[in-house]
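Just so it is clear, none of the values below were taken in a lab; they were calculated from the coordinates. None of the values given here were measured: they were computed from a predicted structure. Cβ sites come from the backbone with ideal geometry, for glycine too, and all protein chains shown count toward neighbours.
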Amino acid sequence: MLRLSLSHPAEFLVLAVVLLYSVIFHETAHGWAALAFGDDTAKLRGRLTLNPIPHIDPVGALMLFLVGFGWAKPVPVNYARLSHSRFGLLAVALAGPLANVLIATAAIFFSSVPGFGRNPVAAGLLPLIAQVNILLAAFNLIPLPPLDGSRVLMEFLPEGLRQRFARLDRVGFFALAFLLLTGLLNPVANFMQKTVTSAIALLVGGVK
């Protein structure tokens, strides 16, 4: 888990900006996917923007500084309005992690291009962008509420089990925070990170 440190102001600022916009791209991707499937809730509420102000959650920002884990305001989605409801729900849930995967893939690809890789700024910034977005994609794909992976998992569960699993949303945040702070989630997070990294390696290899 990346942690912000105030002991190095320049590094703090760069990491904070990379984290902020990586999360914003993640959230707006959910909104754009929802819009593509017929739900314009996020658009009407001004959430399809790269302006950070509508996305910032004060508690999520504070947690980011304290424990290295934070969040933005979730983009509002009216799932009842999605066309092709099951596929639409999966598309919306996966859009955020996929956006992070694509950003990480682009960063890794361009870091290997001589014109970019030899530039001192790019050489320091691109690996950081890749690392942040790999972590965000991997973390959000963990199938625990309220993470995106839980919505994907629910679509493949039998109806009765799906309803019981959905009830975990009420306590999901607290359970997730406990698992993070105690380190119990680390093995799952590491596995997801390796999986995402392997997928990105295949994508980068395909582009090359």
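Charged side chains reduced to their Cβ positions (Lys and Arg at +1, Asp and Glu at -1) give the chain a dipole of some 160 debye around its Cα centre. Ordering 116, 18, 59 by Cα displacement along the dipole of region 9-207 toward the positive end leaves 59 in first place; charges were set at the Cβ atoms of Lys, Arg (+1) and Asp, Glu (-1). Across region 9-207, the relative contact order, built from alpha-carbon pairs under 8 Å that are at least six residues apart, equals 19 percent. Comparing mean-square fluctuations of 184, 141, 90 from a GNM of the chain with C-alpha springs under 10 Å, the top value falls on 184.
Counting other Cβ atoms within 10 Å, keep those with at most 14, restrict to DSSP loop, and tell me which trypsin sites (Lys or Arg not before Pro) in region 10-114 are left. Write down the numbers at each step before the final one.
On the way: sites: 43, 45, 47, 81, 86; in loops: 45, 47.
Here the sparse-neighbourhood loop sites are 45.
Gyration tensor analysis over the Cα atoms of the chain returns equivalent ellipsoid semi-axes of 28, 20, 18 Å (largest first, whole Å). Between 178, 25, 37, find the one with the highest GNM mean-square fluctuation for the chain; connect C-alpha pairs within less than 10 Å. It is 178. Computed 3J(HN,Hα) for region 156-162, one whole-Hz value per residue from the Karplus formula 6.51 cos²θ - 1.76 cosθ + 1.60 where θ = phi - 60°, is 10, 8, x, 3, x, 5, 4, glycine and proline marked x.
Relative to the longest principal axis of the Cα atoms of the chain, the long axis of helix 58-67 makes an angle of roughly 60 degrees. In whole angstrom, region 112-208 maps to an equivalent ellipsoid with semi-axes of 34, 16, 10, each derived as √(5λ) from the alpha carbon gyration tensor and ordered largest first.
When the charge dipole of the chain is built from unit charges on Cβ atoms (+1 for Lys and Arg, -1 for Asp and Glu) and taken about the Cα centre, the candidate among 103, 182, 35 whose Cα reaches farthest toward its positive end is 35. Among 169, 40, 148, which one moves the most in a GNM of the chain with springs linking Cα atoms closer than 10 Å? The residue with the greatest mean-square fluctuation here is 169. Sorting 160-166, 51-57 by average packing, meaning the other beta carbons within 10 Å per residue, from highest down gives 51-57, 160-166.
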